[in-house]
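What follows is calculated from the coordinates using simple rules that are stated; it is not laboratory data. For clarity, every value in this text was computed on a predicted model and none was experimentally measured. Cβ: placed from backbone, ideal geometry, glycine included. Neighbour counts: every protein chain shown.
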Amino acid sequence: MINFVKTNVEMKLTARFFFLLSLPVLFASCSQAPESEGPAYLDDSQPIEVRVEDALSRMTLEEKVKIIHAQSKFSSAGVPRLGIPELWTTDGPHGIRPEVLWDEWDQAGWTNDSCVAFPALTCLAATWNEDMSALYGKVIGEEARFREKDVLLGPGVNIYRTPLNGRNFEYMGEDPFLASKMVVPYVQEVQKNGVAVCVKHYALNNQETFRHQYDAVVDDRTLYEIYLPAFKAAVQEGNAWAIMGSYNLYNGQYNCHNKKLLVDILKGEWGFDGVVVSDWGGCRDDEEAVLNGLDIEMGTWTNGLTGAASDGYRNYHMADPYLKGLREGKYTTKELDDKVRRILRTIFRTSMRPEPNYGRFVCPEHYQAAREISAAGVVLLKNDNNALPLQVPEGGKILVVGENAVKYMVVGGGSSNLKTAYEVNPLEGLKNAFGDKAEVVWARGYVGDTSTSYNAVDTGQDLTDNRSLEVLISEAVEMAKDADYVIFVGGLNKSDHQDSEGADRLQITLPYDQEDVILALAEVAKNLVVVNISGSPVAMPWADSADAIVQGWYGGTESGNALADVLTGKVNPSGRLPFSIPFKYEDGPIKTEAQYPGIKAEDDEFWQTHYSEGVYVGYRWYSTQEIPVQFPFGHGLSYTTFEYSNAKAAKPSMTAAGTLKVSVDVANTGSVDGAEVVQLYIADPEASVDRPAKELKGFEKVYLKAGEKKTVTFEIDAEDLSYFDAEKHEWVAESGEFQALLGSSSEDLKAMVSFQLK
């Protein structure tokens, strides 16, 4: 018996061969007829729905079942007989994953699949700039198209419910409005390249602890107000072509085949016409998979969940078990045909679309975009005595301290793991910026995680250091004594229990004794700048000891250069926090084990996770409870200053069918050009139900030259004033007084304008 093992290269080449081979056969059968009389599904001048129905009518039962489940780690089958290609997916939302072996996670050994790594989506959210989101979508869509990927597995838009969630770095913050606005341009621009986005993880996927086994217990109001809006925006405004179900349960049913989420809401209320893809191994039940809205079953293993099997992907719930049920009359073809229609629709929108597009890959424009987005997301949290931008005398000395200054961050993190041609770390970025104008030296400071590989992707670094913490601190302190600036670069990394798939964080303070290093440096440093690299909030009890604090992110290929651009003043920081940074974890809304990570009775199969905080997530909790935070949602400083004035409403009232314009003047009162993010929050002081003290309903990043003034105008409608009434199952805007709050963060509000809804 001969055992054949194929890599993605071999299988894709085989598939392309059969696809091309099949086309002459198809047309040979109608060679005497005009081209217009050929198969409608191959005529890209025909409407997509005509092509879908024609292709569907030509498929056998076996062919239909074959295309609704995986055939490899990242692909589902096509129909070679009809010249319909397979569907190829790829991680992830931050860059195009290296090619992997057919049935394994390790890379296939290609030499031309090193991508541009773009910033993690938390960094994108921190730009508070829809134009940056559009740019991001454009360039990553081009990279995916060049690599012949049909479905990009992202973006992620799950809400930061807890700062401990290991996958927060993949998402867009704690606020549904911000995430909704930022996801739409990303979706639209990716799909212009003929690549479907697969928005994930739908829904209520807010922790990695018990991620396969927790059942989210949440009321409808909270579901609709907090956890669904970004998905809805991606579908209805962005016209997303694919959605990925999540691992967890909701209402006692797995979300990859959850009737309420997929059938009632997604395909029913929202009119989603795309394809629902399971998370890898997220399908658990034959009948629910068939009946409850799942369209493509993907898996981690060839048997779906636990390992490899000899008959491979035919073990899947929507493979041979489904085919058997159809043949025995257990199921009709109604659900099957709907699934196939959605898959065909996706294929005709991507690989078989009318407009050819070959994309672009690792080009200078993409590297520049990565650098621009990364810099735009950097947040200046604190800047006492104008410690930044760096003012280093000629021939001066900068000491950079910390493992994160040298550790490459693109590798690892789970499905965000990438292989890049290069990655600029913060130390390299600073050396690039100063050249021979200043001495830039490095001290280790602490030892965190020294691993450098993931799924056979290796950075090539050797971070081994067996010295004690005391020795490392002593070395850094001694080197700091004659430095003009000390820049500590620390934070989290993409290892287990940090920012990574599969495990949550264990605390929100800095790991690896970094606080000790910071406090020791503060005793001797002339100017101490702390750069925190993370995708989640990090509590900073040491904040008073630093002259300046910068929130950096996993910035991708150009992260070090982008950070240096901000530190040196080449780029005036304009990022704003997409989440709140509390003083301590206990200040947040999650108070009980039942809320997080969940509780399980002895005879229960699942952990029940109760979202009993309701709509009071992030700043909604802190503002309403009047709990001070270290740095509020929306916060971010600049190297210039801004002044707000002349806030007003165009009229004193509005009707539910009308709109109201609210405006404010913003002036750059400093000496350098910069950008301010003007934020609009709505308060409902007369509400008949409990509502948060304020909710974000508008924002605009406005660029102002030194001394320049502009008027920023927001248009408010009834939707901005509404809450979700679960009993009526509708959005309700109550008449009465409302307040439009304008400012630079959720807590730094500069003006209030009252108005009436009549």
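Annotations
- Over the range 378-571, the Kirkwood radius and the radius of gyration, each from Cα atoms, give a ratio Rg/Rh of 0.94.
- Residues of type lysines that residue 267 reaches as a straight line, Cα spacing below 24 Å, ignoring anything fewer than 8 places off in the same chain: 64, 66, 181, 192, 200, 232, 259, 330, 334, 339, 728
- Looking at the range 330-392, the chymotrypsin sites (Phe, Trp or Tyr not before Pro) that sit in a DSSP loop and have at most 11 other Cβ atoms within 10 Å of their own Cβ are 358.
- Counting only alpha carbon atoms, the long axis of helix 176-191 and the longest principal axis of the chain meet at about 50°.
- Ordering of 188-195, 349-356, 693-700 by burial proxy (mean other Cβ atoms within 10 Å per residue, highest first): 188-195, 693-700, 349-356
- Of the GluC sites (Glu not before Pro) found in the range 393-468, those that fall in a DSSP loop while having at most 14 other beta-carbon atoms within 10 Å are 394.
- Calculated Cα Rg over 2.2 N^0.38 Å (choose from (1) 1.24; (2) 0.98; (3) 1.18), label: (2)
- The mean sequence distance of close C-alpha pairs (under 8 Å, at least 6 residues apart), as a share of the length of the chain, puts its relative contact order at 13 percent.
- A DSSP coil position with no more than 15 other Cβ atoms inside 10 Å describes the following GluC sites (Glu not before Pro) in the range 573-663: 593, 602, 605, 626.
- Over the C-alpha atoms of the range 619-757, the Rg to Rh ratio, Rh being the Kirkwood estimate, stands at 1.00.
- Highest mean first, the peptides 275-287, 513-525 sorted by other C-beta atoms within 10 Å per residue fall in the order 275-287, 513-525.
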